[in-house]
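Take a look at the structure set out below.
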Amino acid sequence: MNSIDAEHILIEIEKTLLAHCRQQGLFQPGEQVIAACSGGADSMALLRFLLRCRETLGISVRAAHVDHGIRGEASHADAAFVREFCRRNDVPFFLYDARAEGIVIPDHPSEDWARRLRYSWFDALAVKENAVIATAHTLSDQAETLLFRLARGTGVHGLAGIPPKRGHYVRPFLCLTREQTVAYCGALGQKYVQDETNADDHFARNRLRHQAVPALCGVNSSALYAMGRLCDQMRELDEWLCAQAQALLDTARCPQGYDLAVLRAADGPVLTQALRTLVVPSRDAEEKYIRLLRTILLQGHGAVQITDNVLWRVEGPLLVRCEKEAPLPAPAAPQPLSEGSFHLPGGYLLQIQLMNYEVFLKNPAFFKKDYTYCADYAKIDKNILLRTRQPGDVFRPAGRHVGKKLKKYFNEIAVPVSERALLPLLAEDNQVIWIWGVGFAQGMEPGDQTRKVLVLKTKKE
């Protein structure tokens, strides 16, 4: 490839990518962006694009690699390739080595196993580094995902495909085909690694890539772009349906359940999405459960067992959710306060991060007006434990100057008795300094003299 052709490719592809990033609002000025980099053509193209255009985008760039250990020495070689590139180009680099972390790798690990491992670490890394994760999903990946979901069975939500932005994940390359990323690497003279498993048709996605996609492109050379447009349209429709379904449920909601007459009067697709919304908290919204719920709703009697513990039943004029109480899991053992993500019994996810006060003040993603989940780290004793309640615990709520027995405080703020045994908190001996859903105790908030801030983020899984 001569220099003129290479320059033309770079200009055209970067023009396309920058327009896509602007249209989708993928990056914010001053944002920390970590490129998820496997070392393949797509991810190396992504990393090079972010580095070349970081000033235009107003971002800082780092890279991260997950060594699943699935492919033995080949996996380690890929990790070494990405590490060396980052070293030579002064790119901050994060590596997760599954074997070194003590992860037991299954005899025949699936794509889904590797994906869960990868995203679990990325989730924690995004929180720890206060960054967004950029992945190199392309228009080719979008088409393969669409076909895969169609083959397995899907609805409007599944047809929406891979979103350009979800939580702390951004996907700048959904406007490019895989051929374009290879061309971009070629124009830059950028080497990349080849994952030999991509040629193995044992994997369903590879069969789609090697057989179904070429067949469709044989019918229409622009098939990938057509499928990408379909996903965009379905995403808009899905968002509209979700909003309509939520409005329907809000209207139908009664103290004991949902008004059958209001639900029956809804348009078909909106009702389907509303029923899917009712099922999702308990399990995957498989079509059979939606169909059964619609049947009992229209006939005015009957019940549908969603899980061993959850039943939806028609009771008079209402659709009612009935739940059998499951035995509570044992509380987690007390552990010292440290940074990281903690998955605790009861479905509690706690993410703990320590950051410089200056960074905290400049970052709108964290709690500016509400400091209840932020504390001056200098005010925290280093013997603090993450645990659940113990006899004799005392807590001094923010805005008060006296402590209360934790049991009395739970009564005062109406914490359900069934939740108290597993509710996470931070404490030194019997002095509680933070409670899930409440925040830090009086006097812990950061101020002008603060140097480091302890930031807690919570989520109920």
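Just the number, please: carbon plus sulfur as a percent of the accessible area of region 108-167, 1.4 Å probe, no ligands or DNA/RNA counted.
On the way: 1370 of 2680 Å².
Roughly 51 percent, rounded to a whole number.
Lys and Arg at +1, Asp and Glu at -1: add these up for the other residues within a Cβ distance under 15 Å of HIS301 and post the number. Don't jump to the answer; show the numbers that get you there.
Working: positive: ARG264, ARG294, ARG313; negative: GLU315.
With Lys, Arg at +1 and Asp, Glu at -1, the net is +2.
First compute the accessible area of region 303-461 with a 1.4 Å probe, then give the percent of it belonging to carbon and sulfur atoms. It would help to have the intermediate numbers written out before the result.
Numbers: 4580 of 8820 Å².
About 52 percent, which is the carbon plus sulfur part of the accessible surface.
Amide H to amide H under 5 Å from ALA266: which residues, 5+ apart in sequence or cross-chain, H placed 1.01 Å off N in plane?
Distant-sequence amide H within range of ALA266: zero hits.
What is the spin-label model distance, in nm, from LEU328 to GLU286 if the labels are put 7 Å beyond Cα along the C-beta direction?
In this crude label model, LEU328 to GLU286 measures out at 3.2 nm.
Given C-alpha coordinates of region 266-341, what is the ratio Rg to Rh with the Kirkwood estimate of Rh? Working shown, then result.
Details: Rg = 17.4 Å, Rh = 14.6 Å.
For region 266-341, the value is 1.19.
In terms of Cα to Cα distance under 12 Å, which aspartates and glutamates are near enough to LYS324, apart from those fewer than 8 places away along the same chain?
Qualifying aspartates and glutamates at Cα under 12 Å: ASP308.
Hey, how many Å between the Cα centroid of region 156-189 and the Cα centroid of region 212-275?
23
Just to confirm a number: summing +1 for Lys and Arg and -1 for Asp and Glu over residues other than GLN32 whose beta-carbon lies under 10 angstrom from that of GLN32, what do you get?
Working: positive: ARG62; negative: GLU31, GLU129.
Overall, the nearby charge balance is -1.
Given the rule -39500 (n - 2.57) for each run of at least 4 DSSP H residues, summed and divided by the residues of the chain, what is its mean residue ellipticity at 222 nm, to the nearest 500 deg cm²/dmol?
On the way: 17 runs with 190 residues, N = 461.
Per the formula, -12500 deg cm²/dmol.
Can you give the Kirkwood hydrodynamic radius of region 116-171 from its Cα pairs, in Å with one decimal? Before the final figure, lay out the partial values.
Values: mean 1/r = 0.0798 Å⁻¹.
Radius from the Kirkwood sum: 12.5 Å.
Match the structure shown to one of the listed values (1) 48.0, 160; (2) 25.6, 77; (3) 22.0, 77 of Rg and Dmax of the Cα atoms in Å, computed from it, and give that label.
Structure-derived value, by its label: (2).
Using θ = phi - 60° and the Karplus relation 6.51 cos²θ - 1.76 cosθ + 1.60, list the HN-Hα couplings for region 401-408 in order, rounded to whole Hz, with x at every Gly or Pro.
Result, rounded to whole Hz: 10, 10, x, 10, 4, 4, 4, 5.
Would region 1-118 count as rounded, prolate or oblate if I go by the C-alpha gyration tensor, calling it rounded below 1.5 in a/c and otherwise prolate when a/b exceeds b/c, oblate otherwise? Can you show the working numbers first?
Working: a/c = 2.12, a/b = 1.80, b/c = 1.18.
Prolate shape, in that a/c is at least 1.5 and a/b is the bigger ratio.
Restricting the count to DSSP beta bridges whose residues both fall in the chain, what percent are antiparallel, rounded to a multiple of 5?
On the way: 44 of 61 bridges.
The answer is about 70 percent antiparallel.
Given points 7 Å out from each Cα along the Cα-Cβ axis, report the GLN246 to ASN383 separation in nanometres with one decimal.
With each label placed 7 Å out from Cα toward Cβ, I get 4.7 nm.
With respect to the cross-link table entries LYS407/LYS459; LYS379/LYS460; LYS288/LYS457; LYS15/LYS128; LYS15/LYS165, which display a Cα-Cα separation exceeding 25 Å? Let's see the in-between values first.
On the way: LYS407/LYS459 23 Å; LYS379/LYS460 27 Å; LYS288/LYS457 36 Å; LYS15/LYS128 32 Å; LYS15/LYS165 20 Å.
Long pairs (Cα-Cα over 25 Å): LYS379/LYS460; LYS288/LYS457; LYS15/LYS128.
The values are calculated or read from the model by the stated rules, or taken from the named source; none is laboratory data. Since this is a predicted model, take the numbers as computed values, not measurements. Glycine gets a Cβ as well: all are built from the backbone with ideal geometry, and neighbour counts include every protein chain shown. Just so you know, the surface numbers come from the protein's heavy atoms only, side chains and all, with ligands and any DNA or RNA stripped out. Shrake-Rupley method; radii C 1.70, N 1.55, O 1.52, S 1.80 Å.
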